[in-house]
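I have a structure here, written as structure tokens, and I will follow up with some questions on it.
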Amino acid sequence: MPAELILRNFNVITMDGREQAYGLIRNATVAVQDGKITWVGETQEFDKEIPAGDSLNVLEGNGQFLSPGLIDCHTHLVWGGSRADEWEQRLRGVSYEEIARQGGGILSTVAATRDATADQLFQAARTRIESLIGQGVTTLEIKSGYGLNTETELKMLQVATALGDSLPVEIHRTFLGAHAVPREYKGRADQYLDLVCGEMLGAVQGLCESVDVFCEGIGFNLAQTRRVFEAAQAQGLPIKVHAEQLSNLRGAELAASMNALSADHLEYLDESGVAAMAQHGTVAVLLPGAFYFIHETQKPPLELLRQYHVPMAIATDANPGSSPVTSLLLMMNMACTLFRLTPEEALRGVTCHAAQALGIEERVGTIEVGKQADLVVWDIASPAELAYGIGHNPCRTVIKSGQIIE
Ligand code: DI6
Ligand code: FE
């Protein structure tokens with residue numbers, strides 16, 4: 001079996017569900033052919049089975065750790081402008097919801113994103129993605145939702161497509177036309193949704209892999225959320241939801257009952273929401289960066305999520321208003337310190353469970369034969385160190401589909 005790449009003598013964090021914590025195999029070898037993993041196991045076994053000298057390209061691990069490529073399954077990282085001023089205002093005592101009601105918040109980013117050229121959006125987003133890749137991210141999601149008109153929603157998704165074409169990462173695109181009611185539709189949310197469910201959803205066909213709604217007092221109510229989901233599903237698009245971030249509108253329960261891939265944020269989720277998510281296999285995406293940045297105090301119902309075996313993912317929510325974050329490792333740390341996840345749960349949250357939140361768990365998220373060879377080399381002494389450090393980057397090599405990209 002000739003291999004294009006052999007990673008030898010690593011401590012391999014497979015996350016494949018085997019009994020050992022983290023699916024760890026010590027002194028292991030991983031072989032890669034045609035961008036896929038073809039062999040995983042102890043180096044001793046590998047040497048017995050595979051004659052030496054077949055591979056041109058051997059990476060010697062010397063006991064470093066190897067994990068699946070990290071997956072950031074919830075970002076809004078294409079945006080124009082900055083909201084640092086608004087943040088200053090918040091620190092003088094104005095609340096996030098109050099700023100949103102005054103027409104600031106999301107709507108100020110909408111104005112800046114409409115004004116920006118595709119190239120300006122591309123360059124700004126590329127910098128953010130490079131920061132993620134530098135910490136081991138090989139797959140990420142990008143939402144639209146700062147356009148709120150057909151032209152700019154399209155522009156955002158085209159920029160996301162161009163980013164995926166020119167950077168060595170896979171980008172999952174989500175249409176979030178129902179992120180807020182734009183100024184020109186103030187007080188006419190249902191008419192705005194006519195546009196979202198009609199012209200916009202038609203226009204973004206082929207430019208997105210899923211559809212999301214901000215179900216919230218400052219976003220869309222339950223009936224409106226259902227309407228967008230029905231329109232998305234009529235076009236064969238999977239759904240996701242921003243739910244229970246600031247209040248409990250039962251958005252997660254609705255989304256789960258319609259077989260959503262994920263429900264995200266969830267600070268105000270209650271037991272019936274958790275039960276619905278468990279029943280329908282909807283992933284809980286926790287966003288500790290937003291919790292931290294808007295100074296939320298209500299925590300997502302961790303114990304219930306565990307009790308009902310709801311898979312938990314962790315993401316950056318990278319956006320200019322509530323989570324100006326481009327470090328997934330920091331999110332792992334915050335998930336542990338703020339929400340009390342274990343480091344192993346946090347790592348699952350950015351690998352196999354994040355893959356599930358995007359519906360791509362058959363291809364990525366674990367180190368297993370047949371999966372894409374998305375792999376990261378870490379200079380750490382134990383897997384827990386991935387979530388432990390703050391501001392230290394132990395990432396040494398990033399491999400996407402068998403190619404070294406960093
Ligand atoms: N929830 C969030 O945390 C972001 N969007 C959303 O629906 C915030 C977006 C922003 O403030 O720009
Ligand atoms: Fe978000």
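The values are calculated or read from the model by the stated rules, or taken from the named source; none is laboratory data. Computed from a predicted model, the values in this text were never measured in an experiment. Reconstructed Cβ throughout: ideal geometry from the backbone, glycine too, with neighbour counts over all protein chains shown. To get the accessible areas, we keep the full protein, side chains included, count just its heavy atoms, and leave off ligands, DNA and RNA. Shrake-Rupley method; radii C 1.70, N 1.55, O 1.52, S 1.80 Å.
Could you list the trypsin sites (Lys or Arg not before Pro) in region 58-93 that lie in coil according to DSSP, counting only those with at most 15 other Cβ atoms within 10 Å of their Cβ?
Hits after loop and neighbour filter: R92.
HN-Hα J couplings of region 112-117 from phi, Karplus 6.51/-1.76/1.60, θ = phi - 60°, integer Hz, Gly and Pro as x?
Going residue by residue, I get 5, 6, 5, 6, 6, 7 Hz, with x marking Gly and Pro.
Then there is this: Which lysines have a Cα lying under 26 Å from the Cα of K186, excluding residues fewer than 8 positions away in the same chain?
K143, K155, K240
Taking H placed 1.01 Å from N in the peptide plane, check which residues at least 5 places from N11 or on another chain put their amide H under 5 Å from its amide H.
For N11, whose amide H was placed from the backbone, the distant partners under 5 Å are N27, A28, G63, Q64, F65, L66.
Another question about this same structure. Which listed residue (G105, L121, I133) has the Cα farthest towards the positive end of the charge dipole for region 97-183, taking +1 on Lys and Arg C-beta and -1 on Asp and Glu C-beta about the Cα centre?
G105
Okay, next question. Mind checking which of A373, A381, A276 has the largest fluctuation in a GNM of the chain, springs on alpha carbons under 10 Å?
For the chain, modelled as a Gaussian network with Cα springs under 10 Å, the answer is A381.
Also, quick follow-up: State, as an integer percentage, the relative contact order of region 143-276 based on alpha-carbon contacts under 8 Å between residues 6 or more apart.
About 19 percent, as a whole number.
Tell me what the chain gives for mean residue ellipticity at 222 nm when only DSSP H runs of n ≥ 4 count, each as -39,500 (n - 2.57), the sum divided by the residue total, rounded to 500 deg cm²/dmol.
-10000 deg cm²/dmol
Further, regarding this structure: Return the ratio Rg/(2.2 N^0.38 Å) for the chain, where Rg is computed over Cα atoms only.
0.98
Skip the ligands, DNA and RNA, and give the accessible area per residue of the chain with a 1.4 Å probe, whole Å².
Dividing the accessible area of the chain by its residue count gives 38 Å².
Spelling out what I want: for every residue of region 256-269, take phi, set θ = phi - 60°, compute 6.51 cos²θ - 1.76 cosθ + 1.60 (Karplus), and round to whole Hz; glycine and proline get x.
Karplus-based 3J(HN,Hα) across region 256-269 equals 4, 5, 9, 6, 5, 5, 8, 10, 10, 5, 6, 4, 9, 5 Hz.
On to the next question. About its Cα centre, what dipole magnitude does the chain give when the only charges are +1 on Lys and Arg Cβ and -1 on Asp and Glu Cβ, stated in debye to the nearest 20?
Roughly 540 debye, rounded to the nearest 20.
Given a cut-off of under 8 Å on Cα pairs at least six residues apart, what relative contact order in percent is computed for the chain?
Averaging sequence separation for qualifying contacts and normalising by length gives 19 percent for the chain.
So who's got an amide H within less than 5 Å of the one on H172, skipping anything under 5 residues away but keeping other chains? H placed 1.01 Å off N, in plane.
Close amide H contacts, sequence-distant or interchain: L140, E141, I142.
Related question: Show which aspartates and glutamates lie in cross-link reach of K400 when reach means a straight Cα distance below 13 angstrom and same-chain residues fewer than eight apart are skipped.
Candidates past the 8-residue exclusion: D34, E170, D374.
Sort region 182-283 into rounded, prolate or oblate with this rule: let a ≥ b ≥ c be the square roots of the eigenvalues of the Cα gyration tensor; rounded if a/c is under 1.5, and if a/c is not under 1.5, prolate when a/b is larger than b/c, oblate otherwise.
Oblate is the answer for region 182-283, as a/c is 1.5 or above yet b/c matches or exceeds a/b.
Using C-alpha positions alone, give me the convex hull volume of region 283-344 per residue in cubic angstrom.
75 Å³
Roughly how many percent of the accessible protein surface of region 55-113 is carbon and sulfur, given a 1.4 Å probe and a whole-percent answer?
Ligands and nucleic acids excluded, carbon and sulfur reach 50 percent.
Report the extension gain between Q191 and I405 in nm, rounded to one decimal, defined as 0.36 nm multiplied by the number of residues separating them, less their alpha carbon distance.
72.5 nm
Moving to a separate point now. Hey, for a label at R26 modelled as a point 7 Å past Cα toward Cβ, could you say which residues of region 360-403 have their backbone N under 19 Å away?
Only 378-386 pass the distance filter.
Kirkwood hydrodynamic radius (Cα pairs, Å) of region 1-92?
Every distinct Cα pair counted, the radius reaches 15.9 Å.
Follow-up question, since we're still on this one. May I have the extent of the alpha carbons of region 152-238 along their three principal axes, as whole Å values ordered from largest to smallest?
The principal-axis extents, from largest down, are 41, 27, 22 Å.
Along the charge dipole of the chain, pointing to its positive end and built from +1/-1 on Cβ of Lys, Arg, Asp and Glu, which listed residue (L246, G63, L330) has its Cα farthest out?
Ranked along the dipole, the leading option is L246.
What percentages, rounded to whole numbers, describe P(r) for region 114-156 computed over all alpha carbon pairs with 10 Å bin width beginning at zero?
26, 47, 25, 3
Roughly how many Å is it from the Cα centre of region 363-406 to that of region 306-346, as a whole number?
17 Å
Sticking with this structure for a sec: How much length is gained if the chain between E88 and E271 is pulled fully straight, taking 0.36 nm per residue apart and subtracting their Cα-Cα distance, in nm to one decimal?
Contour length minus the Cα-Cα distance gives 62.3 nm.
Among 163-175, 5-17, how do they line up by average Cβ neighbours within 10 Å per residue, starting with the highest?
Sorting 163-175, 5-17 by mean packing, highest first, produces 5-17, 163-175.
What ³J(HN,Hα) values, in whole Hz, does the Karplus curve 6.51 cos²θ - 1.76 cosθ + 1.60 give for region 345-361 when θ = phi - 60°, with x put for Gly and Pro?
4, 5, 5, 4, x, 10, 10, 5, 6, 5, 4, 5, 5, 9, x, 10, 5
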